[in-house]
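Structure, as structure tokens:
The values are calculated or read from the model by the stated rules, or taken from the named source; none is laboratory data. Keep in mind the model is a prediction, meaning the values are calculated, not measured. Here the Cβ is made from the backbone with ideal geometry for all residues, glycine too, and neighbour counts use every protein chain on show.
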Amino acid sequence: MKILVINGPNLNMLGSRDKSQYGSLSLKEIEKMILEEAKKLKIGVSFFQSNEEGKIVTKIQQASNYDGIIINAGAYTHTSIAIRDALEIFNKPVIEVHLSNIFAREPFRHNSYISSIAKGVIAGFKENSYVLAIRALYQILNNK
Ligand code: DQA
């Protein structure tokens with residue numbers, strides 16, 4: 001079992017972003033947490049981060065060898081039909097993740113183009129959102 005974790009724009013800046021929304025860990029530290037959970041579940045995991053919408057679309061198009069995707073598309077969540085369409089073509093389980101609770105924030109963050117094609121959405125648990133997402137994906141892939 002092999003999954004891809006995608007992080008979108010400005011998530012490479014974690015650690016220097018608003019800690020009350022995003023926590024204090026860097027992306028590298030979060031990836032380490034994810035890797036530890038993946039090891040426990042015996043899941044292979046790859047990471048991809050980009051600030052560019054097209055690069056994220058291309059990465060998703062090339063992800064057919066993965067069993068599932070966990071994606072935090074950052075601000076593109078609220079704007080990108082292209083990322084949504086690429087995930088729909090992927091046609092395997094997708095979990096949408098956010099560090100912050102986007103529904104408790106500004107109205108422009110309440111809409112997600114990704115949610116309608118995702119198996120589920122995990123938002124508001126800071127770095128733990130990713131750990132919860134990998135557990136959820138594990139259960140989906142094992143039909144539990
Ligand atoms: C985010 C929420 C988005 O609204 C924001 O643009 C981000 C991060 C989150 O993880 O909480 O960059 O996706």
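Looking at (1) modelled with pLDDT of 95 or more; (2) small (G, A, S); (3) part of a helix (DSSP H, G or I); (4) more than 10 Å from the ligand (Cβ to nearest atom), find the lone condition where S64 falls short.
Condition not satisfied by S64: (3).
Looking only at the range 99-120, which residues are farther than 18 Å from I89 by Cβ, away from the ligand (no atom under 11 Å from the Cβ) and either touching a residue at least 24 places away in the same chain (Cβ under 8 Å) or part of a loop (DSSP other than H, G, I, E, B) (or both)?
G120
Which residue pairs have Cβ atoms under 7 Å apart, sit 6 or more places apart or on different chains, and have a first residue in the range 1-22 that is over 20 Å from A104 (Cα atoms) and free of Cβ contacts under 8 Å to residues at least 12 places away in the same chain and a second that is outside any helix (DSSP H, G or I) and aliphatic (A, V, I, L, M)?
Pairs found: none.
Any idea which of A75, A38 is part of a helix (DSSP H, G or I) and surrounded by fewer than 19 Cβ atoms within 10 Å (Cβ to Cβ)?
A75
Among residues belonging to the range 2-20 that are surrounded by fewer than 17 Cβ atoms within 10 Å (Cβ to Cβ), modelled with pLDDT of 95 or more and out of contact with any helix residue (DSSP H, G or I) (no Cβ under 6 Å at 6 or more places or on another chain), point out the one that is nearest to K126 (Cα to Cα).
So, considering only residues that are surrounded by fewer than 17 Cβ atoms within 10 Å (Cβ to Cβ), modelled with pLDDT of 95 or more and out of contact with any helix residue (DSSP H, G or I) (no Cβ under 6 Å at 6 or more places or on another chain), the one nearest to K126 (Cα to Cα) is M13.
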